[in-house]
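Just below is one structure, and these are the notes that go with it.
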Amino acid sequence: MTTNFYAPPAAIRGGRVVLPEDEARHAHTVLRGATGDEMTVVDGTGGWYRVEITHAAPEQVVGTIVEQREEVGEPAVDVTVALGLLKKRSRFETFVEKAVELGVRRIVPLRTARAERESIREERLRNVMVAAMKQCRRSRLPALVAPRSTADLLDESESERRLVCHAGDASVPIRQVVDPGGAAASALVLVGPEGGFAPSEVEGAVRAGATPVSLGARRLRAETAGLAALHAVITAQSN
Ligand code: SAM
């Protein structure tokens, strides 16, 4: 079977994998996985397994590990993208799906002065993230952090490099900051909501060590800006 399956670490023990019920149903009923077939399973924490199915029933698929690898599909750089909470939930969802595909490690919904929402639909977004992780063949499930303010995030972040996306005169093209030569192991990227950041938020980010970066001459939608910045950071330093 060419599909990747997801089983959390607790379901992988002693050389055996027990697929969670929904994954088992998909493997058995939809993909017709049977005893003797091989499947690949990822555990969401960097573990990748080639597994031979030893038992297949509609709600239970069990297998034996025949090969194990680490960090399959993962970029070398640890990137957190914090995106302003968007009015349209579907746009935030699109961002989440694509950011997982591009290799994000952590997503933070930002409560900003001009954000028109306070909350996210956590379970729905998590399902989107699991599906994207499997689809793009990653082995890590990125973290979805609870919404917080820019100031709180900057206080607690341990990222080596901080970037605030802002189309202002003082901004430098993102490539100038992230291109090889200035490699960092981790980066935090801040992106405003539809209405942008308030000037005080950009100033606060700069005081907290963030470089204001430009993504080109066009004003991008927030989710496009988040994805463009993420791609620039990841491709400058790894794959
Ligand atoms: N009217 C808002 C403003 O002027 O800030 C536009 C906000 S834009 C739709 C949403 C967010 O995307 C911005 O806060 C910024 O973080 C990012 N963004 C969009 N285009 C950008 C660009 N060309 N360079 C840097 N950041 C950009």
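At a Cα cut-off below 12 Å, give the aspartates and glutamates reachable from residue 98, other chains included and same-chain residues fewer than 8 away excluded. Output for residue 98: 223.
Taking the number of Cβ atoms within 10 Å of each Cβ as an exposure proxy, the fewest-first ranking of 166, 55, 231 is 55, 231, 166. The slack in the chain from residue 3 to residue 118, taken as 0.36 nm per residue of separation less the alpha-carbon distance, amounts to 37.8 nm. Over the residues of the chain, the helix contribution to mean residue ellipticity at 222 nm works out to -8500 deg cm²/dmol, using -39500 (n - 2.57) for each DSSP H run of at least 4. Each of 171, 90 has some number of other Cβ atoms within 10 Å of its Cβ, and from fewest to most they run 90, 171. Sequence-distant contacts, meaning Cα pairs under 8 Å at least 6 residues apart, place the relative contact order of the chain at 21 percent.
The long axis of helix 89-102 is offset from the longest Cα principal axis of the chain by roughly 70 degrees.
Could you work out how far helix 122-135 tilts from the main Cα principal axis of the chain, as a 0 to 90 degree angle to the nearest 10? Rounded to the nearest ten degrees, it is 70.
Based on the alpha-carbon gyration tensor of segment 78-238 and its eigenvalue square roots a ≥ b ≥ c, which shape applies: rounded if a/c is under 1.5, prolate if not and a/b is larger than b/c, or oblate? Verdict is oblate for segment 78-238.
When each of the peptides 42-51, 195-204 is scored by how many other beta carbons lie within 10 Å of its residues on average, the order from highest to lowest is 42-51, 195-204.
The orientation-averaged projection of the convex hull spanning the C-alpha atoms of segment 10-130 amounts to 8.7 square nanometres. Contact order for segment 153-232, expressed relative to its length and based on alpha carbon pairs under 8 Å spaced 6+ residues apart, stands at 46 percent.
Specify the angular offset, from 0 to 90 degrees and rounded to the nearest 10, of the alpha carbon long axis of helix 222-237 from the longest principal axis of the alpha carbons in the chain. The angle comes out at about 80 degrees.
The Cβ shell under 10 Å around residue 50 holds other residues with a net charge of -2, Lys and Arg each +1, Asp and Glu each -1. Ranking of 112, 211 by neighbouring Cβ atoms within 10 Å, starting from the fewest: 211, 112.
Beta bridges from DSSP with both residues in the chain: antiparallel share about 45 percent, rounded to the nearest 5.
Entry note, segment 1-63: relative contact order of 39 percent, from Cα contacts under 8 Å with a spacing of 6+ residues.
A short reminder: the numbers here are calculations on the coordinates, not readings from a lab. Since the structure is predicted, the reported quantities are computational estimates derived from the model, not experimental observations. All Cβ positions, even for glycine, are placed from backbone atoms using ideal geometry, and neighbour counts span all protein chains on display.
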